[in-house]
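Undergrad: Pasting in a structure now, in structure tokens, and then I'll have a few things to ask.
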Amino acid sequence: MRDFDELIKRMTLKEKLAEITQLYGDEYTEDDSTFMGIDYRFEANREMVDNVGSILGVSGAALIKEAQKKHLETSKHKIPLLFMHDIIHGFKTIFPSPLAMSCTWQPELVKESAEIAAKESAVSGIHLTFSPMCDLARDARWGRVVETSGEDPFLNSMFAKAYVEGYQGTDVSEQYRVASCLKHFAAYGMAEAGRDYNTTDVSEYELREKHFPGYRAAVDAGAKMVMTSFNALNGVPSSGNKWLFQDVLRKEWGFRGTVISDCTAIVEMIYHGFAQDEAEAAKKAIDAGVDIEMVSNTYYNSAERLIKQGRLSEDQIDLSVKRVLELKEELGLFDNPFKDADEEAEKKYILCREHRDAARKIARESMVLLKNDGVLPVKKNDEKKQKIFLTGPYADSRQMLDLWSAYGEEKDCLTLREVLSDEMEISCIPGIGILDYEKEQVENAVKAAEDSDIILLALGEEPLMSGESNSRMDIGLPGYQQQFAERIFAVGKPVIVILYNGRPLAIPEIALKANAVLEAWFPGTEGNHAVCDILTGAYAPSGRLTMSFPWAVGQCPIYYNCYSTGRPSKNVYISERFSSRYIDGQSVPLYPFGYGLTYTTFEYGEVILSDTVMRRNGSIMAQCSLKNTGDRAGTETVQLYLQDISGSRVRPVRMLKDFRRITLKPGETCQAVFQIDEEMLKFHTLDKGFAAETGKFKIYIAENASTGTCAEFELV
Ligand code: GLC
């Protein structure tokens, strides 16, 4: 590692401030390469542009090499540019949304997708990606649940680690690796009422138990950067939150990398009412340890005055500059400023067959079969003469990509009609759009449905109905889709619903009336090939929900690892009438965390414990038999949940602690075996410790968070 102290001494203050400022890419390109579409632009003067440290949202080997070359020609200190981008689930070969990929319960698949995304990004000149998003999902109204790995801290941590390892490998200077920036620290998913950017009020207990583990896992996996979040957390905006970034991130967790603000989040502290002006915003952000200011210029414009006023020290600026220079060094940019940017490699690797095949495989594994009365898999016409009719707004749509799909293009996605037509004889009339409704088209579709033997009904949200700034107050099917579905159900033929959406939807009528429901999410470039693989039975679905589906938006936020309350629905003291419930609906989810079906069935035996007493530093074994009771091989995700029955703080009714993906042939039986140790029982106790408290615990071995046999043991 070069010693940058001498270099920093030679830099003027303005050169240092430009080094810790990030500009949008359109300062460097003819066209506006930033796909962010944010209107905020500040006038970047020539000196800033000549000395800026990093660029947001540009890609392309030729373009980036040219920009880097030009920059180094004008840069007095020959400091290379750092190119950063939002490559969230693929660069041009787009994988399913992160929420979808979390439903695979296979971190190794997420790691594979990240390695491919890193390769396609690196050959296109990108050095760092703003991923993984480690925010815990809480409220389906929040559009950005699509970017999360669900509502569970244990899974969230596993996936965060997998993304970082996939992007960075063991050395980010290696070929086809990019640096990883975890985001958004912290608890952005707790936006009140699910409204994006809204305030968050989260107890330290909840933060440490449920929200911090995901971020911590990415830090421990070696992520090189951390991004602040837009939200005020307990009254303090993250970008000015010294407790979060100096005390927790750096002192407690030992993070030594670089912190970047989210997009204009520093100047937004004025709107939060946390800074009177840009100078105070800059001061609070620098004091909190935010090293790079993303696309606003409070540092560049105010730091000199703040130093002269004695409100900041130049040492603070030097420290941030040093972190940025060290990151560039770790990426090898001082030795090779072009790193992996290579036009020939772009042609060879981007959207290549191998990457598409991986995208198809991962899309299959991310889909969740929510209902099936036996109508699936669909028999192809040659096996069983039947007229198959495909309808709904997603019947012939290429909208397989969610909001954050980088350079993915819909033209590379096949429609469900195109894919199915290669496999079987179908007729297709979409009948309606996501939002629009044209009576004649509806009647044509209903008539065609009447004349068919089986109906495929493809419904969903627009991609722009989830993702950043796209919160919804009603999370049912948009537009007239529910009315259209009722018409189709009324035809009286078997109906298979396929859903394309970015968040859990409140779809009780669909759940009730459809014969089968397949959750496809936004499945990416190869999405409809994956849907077809599952509908035809070429592959059995094995995805499991990582976020609860509510019956109604009024239940939100609803999640499995909640607290019992003093009046749970089943209790011996208070009648059901006065329990914690709704008088006009369910208090349990429509589909629970961990839920998903496949093309066979499984039977669970009783939970057997090696001992009903666990001693300190000891462990016990828990197991149960699992039998494939169907006529097809299948994969079951056997889940181990723990309940700490009583503690110095209330404890969740269930906590996922481990799981096994087990594949069995028809009739085959095996033992699902788990080790439970004291570490699993630890939590943030009332006296601010982190320990396992003696007392009784329940162990569930289950197919999802609302079922399963259980056994009790005691920690003594
Ligand atoms: C956006 C997002 C963040 C993204 C950043 C840069 O506003 O909040 O996730 O990485 O800006 O594009």
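Undergrad: Order by neighbour count: V378, V613, V202, fewest other Cβ atoms within 10 Å first, most last.
TA: Listed from fewest to most nearby Cβ atoms, that is V613, V202, V378.
Undergrad: Working out 0.36 nm times the residue gap between E425 and D5, then minus their Cα-Cα distance, what length gain in nm do you get to one decimal?
TA: In short, 144.2 nm is gained.
Undergrad: Continuing with the same structure: What order do you get for R651, R356, R256 when you list them from fewest to most C-beta neighbours inside 10 Å?
TA: R256, R356, R651
Undergrad: Any idea how many Lys pairs in segment 353-555 come in under 12 angstrom at the alpha carbon, given 8 or more places apart or on separate chains?
TA: Taking the Cα cut-off of 12 Å, the pair count is 4.
Undergrad: Let me ask something else about it. HN-Hα J couplings of segment 119-129 from phi, Karplus 6.51/-1.76/1.60, θ = phi - 60°, integer Hz, Gly and Pro as x?
TA: Coupling constants for segment 119-129: 5, 5, 6, 4, 5, 8, x, 7, 10, 8, 10 Hz.
Undergrad: For the chain, what is the relative contact order in percent, using Cα pairs closer than 8 Å and at least 6 residues apart in sequence?
TA: That works out to 13 percent.
Undergrad: What order, most packed first, do the peptides 370-377, 134-141 have when packing is the mean number of other Cβ atoms within 10 Å of each residue?
TA: 134-141, 370-377
Undergrad: Can you give me the long-range amide H partners of E425? Hydrogens built in the peptide plane at 1.01 Å from N, cutoff under 5 Å, separation of 5 or more residues or another chain.
TA: Correct list: N381.
Undergrad: A further question on this structure: Give the shape of segment 622-684 as rounded, prolate or oblate, defined through the alpha-carbon gyration tensor: a ≥ b ≥ c are the square roots of its eigenvalues, a/c under 1.5 means rounded, and otherwise the shape is prolate if a/b is larger than b/c and oblate if not.
TA: In terms of gyration-tensor shape, prolate.
Undergrad: Lys and Arg at +1, Asp and Glu at -1: add these up for the other residues within a Cβ distance under 11 Å of Y197 and post the number.
TA: Taking every other residue near Y197 into account, the sum is -3.
Undergrad: A follow-up question, please. For the peptides 150-157, 186-193, 247-254, 56-63, what is the packing order when you average, over each peptide's residues, the other Cβ atoms within 10 Å and list the highest mean first?
TA: The densest-packed peptide leads the list: 150-157, 186-193, 56-63, 247-254.
Undergrad: Which of H127, H89 has the fewest other C-beta atoms within 10 Å, and how do the rest follow up to the most?
TA: Ascending Cβ contact count within 10 Å gives the list H127, H89.
Undergrad: Given a Förster distance of 45 angstrom, what is the FRET efficiency for E47 paired with D220, based on the Cβ-Cβ distance and rounded to 0.05?
TA: It comes out at approximately 0.70.
Undergrad: Put a dot 7 Å past each Cα toward the Cβ at I574 and T669; how far apart are the dots in nm?
TA: In this crude label model, T669 to I574 measures out at 4.4 nm.
Undergrad: Which Rg and Dmax, in Å, describe the Cα atoms of the chain?
TA: Reported Rg and Dmax, both Å: 26.4, 84.
Undergrad: I would also like to ask the following. Return the percentage of antiparallel bridges among DSSP beta bridges fully within segment 600-715, rounded to the nearest 5 %.
TA: For segment 600-715, the DSSP antiparallel bridge percentage is about 95.
Undergrad: Take the residue pairs K111/K224; K183/K251; K16/K284; K16/K65; K16/K161 and return only those whose Cα atoms are more than 25 Å apart.
TA: K16/K161
Undergrad: Please report the spacing between the Cα centers of segment 308-384 and segment 477-506 in Å, no decimals.
TA: Rounded to whole Å, the Cα centres lie 33 Å apart.
Undergrad: Using a cut-off of 10 Å between beta-carbons, work out the net charge of the residues near S619 (Lys and Arg +1, Asp and Glu -1, S619 not included).
TA: Once all neighbours under 10 Å are counted, the net charge is -3.
Undergrad: With the crude spin-label approximation of a point 7 Å out along Cα→Cβ, what separation in nm comes out for L319 versus A490?
TA: Placing both labels 7 Å along Cα→Cβ, they lie 6.8 nm apart.
Undergrad: Mark the label point 7 Å from the Cα of N617 along Cα→Cβ and return the residues of segment 663-704 whose backbone N is within less than 14 Å of it.
TA: Backbone N within reach: 678-679.
Undergrad: Calculate, in nm to one decimal, what R581 and D357 gain on full extension: separation in residues at 0.36 nm each, minus their alpha carbon distance.
TA: 76.0 nm
Undergrad: Along Cα→Cβ, 7 Å out, is where each label goes; now give me the distance between the ones at W253 and D453 in nm to one decimal.
TA: 5.7 nm
Undergrad: Still on this structure, I have one more. Please report the antiparallel percentage of the DSSP beta bridges confined to the chain, to the nearest 5.
TA: 55 percent
Read-outs: derived from the displayed coordinates by stated rules, not from any lab. If you're wondering where the values come from, they're calculated on a predicted model, not measured in any experiment. Cβ coordinates were reconstructed from backbone atoms using ideal geometry, including for glycine residues, and neighbour counts include every protein chain displayed.
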